[in-house]
Each structure stands twice: as C-alpha cells, then as structure tokens.
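S.K.: Please see the structure below; I have some questions.
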Amino acid sequence: VRGGGEGREVVVTLGKRERAADNMAYVPWTRLMSHETADETITDRVFMDLQVDGQPAGRVVIGLFGNTVPRTAANFKTLCTHGAAAGGSAPLGKSGKPLSYVGSNIIRVMPRFLIQGGDIVKNDGTGGDSIYGGKFEDENFILQHRGEGYVAMVNTGPNTNTSQFHIALGVHPFLDGKHVVFGRVLMGLEVIRKLEAVPLVQNEKPTVPIVVAACGELSADEWEALQLKPAGSTGGTGALGEVQITTQPTTNQPAGSTSSQGVSRHTLECWAAAYAAMASDAMSLGIPQEAIPDLPDQPSEDQIRQARDHLQAMIASFLSSGL
C-alpha cells in the first residue's frame with residue numbers, strides 16, 4: 001500500500017498461473033484479472049443417448065445456462081426435446097428437415113480438444129438449422145470454455161449459429177469470444193472420453209457412426225433419481241463402457257489432398273490453436289522461438305500441416321539429442 005488519503009493505491013504483483021494441463025495454453029490475463037463470475041446457474045437439463053457403430057455408448061447429461069444465454073439455451077433444449085416422446089415427430093425447420101437431434105451424428109472428434117455434432121440437415125458438418133429459422137446471432141460471449149465438458153455453438157463466422165455444437169475436452173481460451181458457450185456436461189464425461197478412442201481419418205472424422213439415438217429433457221425429479229443410481233448406470237441406455245471400441249492409428253489423406261467438402265473454418269481454427277500449444281511446448285523445452293515456423297493470420301490446411309510436421313520433426317530431433 002502506497003500513499004495515504006485519497007492518493008492511496010494498492011500495488012499487486014501477479015505471477016503467471018500454471019499452464020492448463022489439457023492444452024498447455026496459458027490462461028489469458030483478462031481471465032486472471034477478472035473479479036466477477038459469469039452466471040452459470042443450471043436452468044434446464046437435457047440428455048443425449050449415444051451409439052457407436054450401433055452399440056449403446058451411454059448417456060450424456062448437459063446443463064444449460066439459460067440465465068446468461070436464454071435464446072441459445074432454448075434452441076438447444078428444443079432440438080433435444082422435439083420428437084423425443086415415443087411416437088413423437090419434430091416440426092420441420094427452414095431447411096425442410098426435422099428440428100431434432102435424434103439421428104444426427106457426432107461428425108468430428110479431435111482428441112484433447114473437442115467433439116462436434118448437431119448437423120441436423122446434412123449430417124456432415126456443412127449444414128444446420130435452428131428454431132429461429134436458420135442462422136441466428138451470437139447472443140453474447142460472457143461465458144468461457146473453462147474446462148472439460150463445456151458446450152458451445154459451432155459457427156462459420158459471426159452470427160451464424162444453427163444447431164451445431166461442440167463439447168470441449170479441456171480448457172480452451174482461444175475459443176472464447178468466438179463461440180457462444182451455453183452449457184456444460186453434468187454427467188457422462190466418461191462417455192465423451194470414450195469417443196476419443198474411435199478410429200479416425202484426417203485426424204478428426206470417425207470411421208464408424210456416432211449417433212444421437214435419443215435425447216430429451218430431464219425433470220428435477222428425474223435428475224435427482226439419476227444421481228442416486230449406482231455408478232455405471234445410464235438410465236436405460238445400457239451400462240457405461242458396454243460399447244467396445246477398437247483403437248487404431250489415425251490415417252490421413254496424401255499431402256496436399258482435401259476432402260470433397262474441404263476443411264471448415266472451425267477446424268482450421270482448432271488446428272491452429274493446437275499448433276500454438278505445440279509451439280509453446282517446444283519453447284519450454286528450450287527450442288528458440290525464432291526457429292519455430294510461424295503461421296499466417298488465416299492459415300490454410302496445408303500450411304498448418306507443413307508447420308506441424310516440421311515442428312514435430314524438430315522436437316523429435318531435439319529430444320533425441322539427449323537434452
């Protein structure tokens with residue numbers, strides 16, 4: 001404390017917090033300096049029962065932050081509840097497709113980063129719809145990707161939200177301010193983690209279907225009853241861990257090739273963030289910053305792959321030197 005009277009000031013020395021274990025990225029100063037906590041009150045609870053290659057994988061329960069992002073939460077909740085009842089059917093959206101997550105796929109799995117789903121139109125990550133008639137605005141960016149299990153909207157730029165969503169697999173501050181966070185996984189993170197073992201092509205596309213077999217809303221009584229069930233029970237979807245996933249190395253297309261749909265901006269953004277985390281790790285090993293390849297502001301798929309491969313070779317050589 002310095003001075004006195006009206007001129008008194010308090011001087012605080014801050015030490016940088018430890019890097020997040022999941023993605024090795026430093027927590028931004030804006031978060032360290034924050035003195036307010038966003039309202040993460042759970043206003044609604046919805047569930048998704050997942051299947052992997054036709055086998056029950058378990059139930060994921062998601063709590064929605066309806067106080068902070070009511071429109072975004074309402075969209076997700078409605079898509080979970082439409083057509084959920086036995087014999088029920090969902091109304092058609094602007095796309096002409098049912099406004100329901102039932103039957104949609106998890107179309108992207110990026111281990112340690114996120115899983116993505118919710119394309120109820122094309123089921124390949126290039127489509128989507130909403131209860132508001134197609135794309136709707138970014139409600140706000142108050143909530144952040146503060147840890148594993150936070151759920152946010154997938155978009156193709158500002159104000160392009162539809163039905164697609166991602167579930168974070170770690171602390172991802174580089175997604176804050178770009179994707180509207182609206183909920184978090186309350187139960188079933190072990191189900192999400194199992195998806196990371198599904199065989200992939202292009203490091204992200206599952207080779208077997210991961211399908212939302214059923215979804216709906218949980219009442220307060222149903223949620224309480226679910227919490228009281230023994231560990232390993234999923235409320236009618238089969239025991240957790242019932243699905244057997246054979247792990248195999250991921251494969252990629254030849255250098256320079258792309259899929260027929262190309263790679264989305266969201267994917268490139270995540271790959272660039274992963275490369276930044278790798279570069280940070282390399283510098284912590286003692287590799288000079290000037291030796292690490294830089295990425296342009298909006299890198300292409302090939303640029304990211306080439307930089308990543310070069311940096312991986314550099315790290316391997318550095319470690320093999322015995323340092």
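The values are calculated or read from the model by the stated rules, or taken from the named source; none is laboratory data. The model shown is predicted, which means the values in this text are computed figures rather than measured ones. FYI the Cβ positions are ideal-geometry reconstructions off the backbone, even for glycines, and counts take in every protein chain you see. In case anyone asks, the SASA skips ligands and DNA or RNA and just uses the protein heavy atoms, side chains included. Shrake-Rupley method; radii C 1.70, N 1.55, O 1.52, S 1.80 Å.
S.K.: How would Asp129, Asp138 rank on accessible area, largest to smallest, probe 1.4 Å? Can you show the working numbers first?
M.R.: Working: Asp129 0, Asp138 30 Å².
Of Asp129, Asp138, the descending order of accessible area is Asp138, Asp129.
S.K.: Out of all Cα-Cα pairs in the range 139-201, roughly what percent, to the nearest whole number, are more than 14 Å apart?
M.R.: The share of Cα pairs beyond 14 Å in the range 139-201 comes to 57 percent.
S.K.: Set the Förster radius R0 to 30 Å, insert the Cβ-Cβ distance between Ala220 and Ala197 as r into 1/(1 + (r/R0)^6), and round the FRET efficiency to 0.05.
M.R.: 0.35
S.K.: Given the range 87-233, report the % of alpha carbon pairs whose separation exceeds 22 Å.
M.R.: Tail of the P(r) past 22 Å holds 44 percent of the pairs.
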